[in-house]
Amino acid sequence: MAWEDELFALLDDLEGQAEAAFADERDVELVDRSRAEYAAVSLTGRLMATAGQPVEVHVRGVGPVRGTLARVARSWCLVSGHGQEWFVPRHALVAVGGASQRAVPEVAWSPLTRLGLGSALRRIADAGDRCLVHTLDGERYEVVLRRVGADFVEAVTGDRRSLLLVLETVAAVQRREEG
């Protein structure tokens with residue numbers, strides 16, 4: 001019977017080795033799958049999960065902007081706080097501090113997220129509010145927005161000059177609350 005005990009011990013040992021090898025393979029597969037799934041997470045998805053939270057966004061040509069992430073769309077976001085609102089196109093974002101560790105999948109996004117920056121700027125133009133337009137190269141224009149075209153915004157300066165601002169060069173539009 002000793003040979004049977006040795007055989008069962010050998011089989012138990014082989015079974016243990018097989019289980020350990022399977023666990024190692026499974027762990028590697030889980031890591032690979034996790035990486036592949038995270039590679040599909042977009043910045044907009046992370047920002048969607050952060051909506052309503054305090055953030056610090058670093059904007060090219062402007063620097064850090066602090067406030068509450070009030071709205072997120074595919075191509076822009078709105079940061080509000082301290083009596084002002086910052087409309088920031090996604091192409092001008094450099095870094096975001098305070099973002100959620102989670103992400104909202106695209107299937108859960110509101111249809112309103114498809115509205116471009118032009119839609120937000122049209123609302124500012126309709127209100128006739130003065131705003132400060134910051135460009136990617138650091139220029140600033142204090143203007144009243146009048147009309148928004150497909151790839152530009154028409155504005156009027158303080159000395160009543162008409163100015164066309166190219167949307168792809170806009171880093172942020174800053175609107176201050178009156179009063």
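For residue 100, the amide hydrogen comes within under 5 Å of the amide hydrogens of 50, counting only partners 5 or more places away or on other chains and with H modelled in the peptide plane. From the square roots a ≥ b ≥ c of the eigenvalues of the alpha-carbon gyration tensor of the range 37-177, which class results: rounded (a/c under 1.5), prolate (a/b over b/c), or oblate? Here the range 37-177 falls in the prolate category.
Residue separation times 0.36 nm, minus the C-alpha to C-alpha distance between residue 70 and residue 107: what's the value? If you can, show how the numbers build up before the last one.
Details: separation 37, 0.36 × 37 = 13.32 nm, distance 2.02 nm.
Full extension of this stretch gives 11.3 nm more.
Run the numbers for residue 162 and residue 142: contour at 0.36 nm per residue of separation, minus the present Cα-Cα distance, in nm. Could the numbers behind the result be given before it?
Numbers: separation 20, 0.36 × 20 = 7.20 nm, distance 1.19 nm.
My answer for the length gained is 6.0 nm.
The listed residues 100, 162 rank as 162, 100 when sorted by accessible area, largest first, using a 1.4 Å probe.
Between the beta carbons of residue 94 and residue 36, assuming R0 = 35 Å, the FRET efficiency works out to 0.85 to the nearest 0.05.
What number, in percent, do you get for the relative contact order of the range 20-179 if the mean sequence gap of Cα pairs under 8 Å and at least 6 apart is divided by its residue count? Relative contact order for the range 20-179 comes out at 21 percent. Only protein heavy atoms count here; on that basis, with a 1.4 Å probe, residue 90 has an accessible area of about 100 Å².
Database remark: amide H of residue 76 closer than 5 angstrom to the amide H of 90 (H placed geometrically; neighbours at sequence offset of 5 or more, or on other chains; Pro and chain starts carry no H).
The values are calculated or read from the model by the stated rules, or taken from the named source; none is laboratory data. Remember, predicted model here, so these are calculated numbers, not experimental data. Using ideal geometry, Cβ is built from the backbone for each residue, glycine included, and neighbour counts are taken over all protein chains shown. Only protein heavy atoms, including side chains, enter the accessible area calculation; ligands, DNA and RNA are left aside. Shrake-Rupley method; radii C 1.70, N 1.55, O 1.52, S 1.80 Å.
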